[in-house]
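Q: Quick one: the structure is below, and I'll ask about it shortly.
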Amino acid sequence: MTSDAELTEPIDPDVDLRVRAQRRELVRSQLPVLGVISLGGGIGALARFGVAQWLPTGPGQFPWATFWTNAIGCFLIGILMVLITEVVSAHRLVRPFIGVGFLGGFTTFSTYAVEIHNLLKPGSVGTAFAYLVGALLAAGLAVVLGVWFTRWATGVRRSAGGDAA
């Protein structure tokens, strides 16, 4: 049971929401981040819906729409992370908008899990296993390829110590 004293204690000792100026600062600094995440997430979800409409999947079939959506999203996250950590100094809202918002809304683990579950029926268990393993391998490979491609295209080289050359 939570006591009344625990409810009045600040969660973050650096931010006391009982202080009006600190509340305003929290809203002022975080509202733009939440806004761009929401906007990017909506756009990403619409893009994913478009891919699903373009590549419909029938019962027992390999779900190519989600497979390609997640692989492309992983490739793009590899590109994004190199660009904003090794190539340019991006605006503070770029990563939340593209990485968390758009790519978070575009890619989908929940649909992937539901599709595997739906394929676990007599006659499509092999497809379920191929999708389970293939999508994970494709996603991991896509991130690595996105990182490699972006470093190659921009001329960024990594030293043995991990720092950009």
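Q: For residue 108, all conditions in the list (1) touching a residue at least 24 places away in the same chain (Cβ under 8 Å); (2) over 29 Å from residue 149 (Cα atoms); (3) polar (S, T, N, Q) hold save one; what is the number of the exception?
A: The number of the failed condition is (2).
Q: With (1) part of a helix (DSSP H, G or I); (2) free of Cβ contacts under 8 Å to residues at least 12 places away in the same chain as the list, and residue 58 as the residue in question, which single condition is left unmet?
A: (1)
Q: Select from the stretch 116-148 the residues that are on the phi < 0 side of the Ramachandran plot, open to solvent by 70 Å² or more (accessible area, probe 1.4 Å) and not in a helix (DSSP H, G or I) and list them in ascending order.
A: Of everything in the stretch 116-148, those that are on the phi < 0 side of the Ramachandran plot, open to solvent by 70 Å² or more (accessible area, probe 1.4 Å) and not in a helix (DSSP H, G or I) turn out to be 120, 121, 122.
Q: For the stretch 50-71, which positions are under 16 Å from the mean Cα position of the chain (by Cα) and open to solvent by 80 Å² or more (accessible area, probe 1.4 Å)?
A: 68
Q: What pairs come up if the first residue lies in the stretch 128-140 and is without any contact (Cβ under 8 Å) to a residue 40 or more places away in the chain, the second is exposed (fewer than 14 other Cβ atoms within 10 Å of the Cβ), and their beta carbons are under 7 Å apart, counting only those six or more places apart or on different chains?
A: Taking only residues 6 or more apart or on different chains, the pairs are 128/120.
Q: Separate question: Working only within the stretch 78-106, note down all residues that are under 11 Å from the mean Cα position of the chain (by Cα) and open to solvent by 40 Å² or more (accessible area, probe 1.4 Å).
A: If the condition is that a residue be under 11 Å from the mean Cα position of the chain (by Cα) and open to solvent by 40 Å² or more (accessible area, probe 1.4 Å), then 95, 97, 98, 100, 102, 104 are the ones that fit.
Q: Within the group 88, 143, 82, which residue is of a type in the set (A, V, I, L, M, F, W, C), closer than 30 Å to residue 30 by Cα and modelled with pLDDT under 95?
A: It is 88.
Q: Hey, does the stretch 46-53 have a residue that's without any contact (Cβ under 8 Å) to a residue 24 or more places away in the chain and basic (Lys, Arg)?
A: no
Q: Which of the residues belonging to the stretch 94-115 are at pLDDT below 95 and outside any helix (DSSP H, G or I)?
A: Of everything in the stretch 94-115, just one residue is at pLDDT below 95 and outside any helix (DSSP H, G or I), namely 108.
The values are calculated or read from the model by the stated rules, or taken from the named source; none is laboratory data. Everything numeric in this text was worked out from a predicted model, so none of it was measured. Methodologically, a virtual Cβ is constructed for each residue, glycine included, from the backbone with ideal geometry; neighbour enumeration extends over all protein chains shown. Surface accessibility is based on the protein's heavy atoms, side chains included, excluding ligands, DNA and RNA. Shrake-Rupley method; radii C 1.70, N 1.55, O 1.52, S 1.80 Å.
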